[in-house]
1. Only one residue in Ile205, Ile262 is outside any loop (DSSP other than H, G, I, E, B), under 22 Å from Val68 (Cα atoms), of a type in the set (A, V, I, L, M) and modelled with pLDDT of 90 or more, so which one is that?
2. So which residues in the stretch 24-50 are modelled with pLDDT of 85 or more and in contact with a Phe, Trp or Tyr (Cβ under 8 Å, 6 or more places away or on another chain), if there are any at all?
3. Looking only at the stretch 127-154, filter to residues that are open to solvent by 30 Å² or more (accessible area, probe 1.4 Å), in a helix (DSSP H, G or I) and among the β-branched types (Val, Ile, Thr); which one of those is farthest from Ser90 (Cα to Cα)?
4. Given the conditions (1) part of a loop (DSSP other than H, G, I, E, B); (2) in contact with a Cys (Cβ under 9 Å, 6 or more places away or on another chain); (3) of a type in the set (S, T, N, Q), and given that Asn52 satisfies all but one, which numbered condition is not satisfied?
5. Out of Ile239, Ile188, Ile247, report the one residue that is within 30 Å of Leu37 (Cα to Cα) and in contact (Cβ under 8 Å) with a residue 40 or more places away in the chain.
6. Leu131 passes all but one of (1) at pLDDT below 80; (2) of a type outside the set (Ser, Thr, Tyr); (3) within 19 Å of the chain's Cα centre (by Cα); which number fails?
Amino acid sequence: MKTNNERNYGIDLLRIFSMVSVVILHNLYQGGILPQLKTNNPNWWQFWLLENLAIVAVNVFAMITGYVSMMHRFKSDRVLQVVFQTIFWSVTVSVTLYQLRMPISVETVKASFYPLAQFWYVNAYIGLFLLSPVLAFGVKHVSRRTFKRLLVVLLIVSAGLDAGSHFFLLNGYTAYWLVVMYLVGAYIQLYPDAIRWKPVAFLGIYFLMACLSTYLQWNAGWFHTDKWWFIRYTSPFVIVEAIAIFIWGVRLRIKNRLLRAILKFFAPISFGVYLVAA
């Protein structure tokens, strides 16, 4: 077991990728594009493929947390930072939209001062963060073999039982699921030699799984299931897709100084952009 404390700019790239993906997800669904698309629409494939490529954002964010937690000590004030950042962006966006006479009510502006209930990810992330010291201690004190078996069981059980909503995973909208993805990121950090394939292979798997999931959604009627089953955070397709793009990112070696500076500047604001997009 070993950790590498050198800055990994691939992680910064993954943060930005996840940030952009969240914006895409919100615009495609909340913007009303996906709900009105029929399978005979010529634009169906391009929009749903884009949705499948972006759906990994939440899983990737959680894996990043697990990955970097293996390199840094727990800081309890991080919870307060998340809370204050959430309140700041919630109030700023709501007040700005109200002042610009956008369709936003006074009640919505008032609610923006107590925003935690509005953002499921923030609540789930705080739950994960409070558990992270225990999780980090645990994974560092179990054998590699035990950790690997635990991960496999968690992934299979979570993806399988959540299909019938009997495991209360809510399709991945819970702190429990973020914990599972956190452990995946931690494992990849502690045991970087787990899979020795070249980064381009993982990038290929990412695109392949997204295309496969889109195809299965298009033919969801054949399986007598809803198309959303294939694109939930706990879907086997999304899990493999997310892990693949994550491994690609952490193994990417970025040497260009200008690109490094850009990534280092934009990566820290990714969480704020998520809140604005939400």
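1. Testing whether each residue is outside any loop (DSSP other than H, G, I, E, B), under 22 Å from Val68 (Cα atoms), of a type in the set (A, V, I, L, M) and modelled with pLDDT of 90 or more leaves just Ile262.
2. If the condition is that a residue be modelled with pLDDT of 85 or more and in contact with a Phe, Trp or Tyr (Cβ under 8 Å, 6 or more places away or on another chain), then Leu28, Ile33, Leu34, Trp44, Trp45, Trp48 are the ones that fit.
3. Checking each candidate, the answer is Thr146.
4. It fails just one condition, (1).
5. Ile239
6. Failing condition for Leu131: (1).
Here is a yes/no grid of residues against (1) within 21 Å of Val20 (Cα to Cα); (2) not aliphatic (A, V, I, L, M):
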position: Leu190; (1), (2): no, no
position: Phe202; (1), (2): yes, yes
position: Gln217; (1), (2): no, yes
position: Arg232; (1), (2): yes, yes
position: Ile245; (1), (2): yes, no
position: Arg251; (1), (2): yes, yes
position: Ile254; (1), (2): yes, no
position: Ile269; (1), (2): yes, no
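Residue by residue, here is whether (1) of a type in the set (Asp, Glu); (2) open to solvent by less than 20 Å² (accessible area, probe 1.4 Å) holds:
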| site | (1), (2) |
| --- | --- |
| Asn27 | no, no |
| Gln36 | no, no |
| Thr39 | no, no |
| Phe47 | no, no |
| Glu51 | yes, yes |
| Val60 | no, yes |
| Met71 | no, no |
| Gln81 | no, no |
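The values are calculated or read from the model by the stated rules, or taken from the named source; none is laboratory data. Owing to the predicted nature of the structure, the values given are computational and were not obtained by experimental measurement. As a convention, Cβ positions derive from the backbone with ideal geometry for all residues, glycine included, and neighbour counts pool all protein chains shown. The protein model used for the area step is the full one, side chains on, heavy atoms only, and it has no ligands, DNA or RNA in it. Shrake-Rupley method; radii C 1.70, N 1.55, O 1.52, S 1.80 Å.
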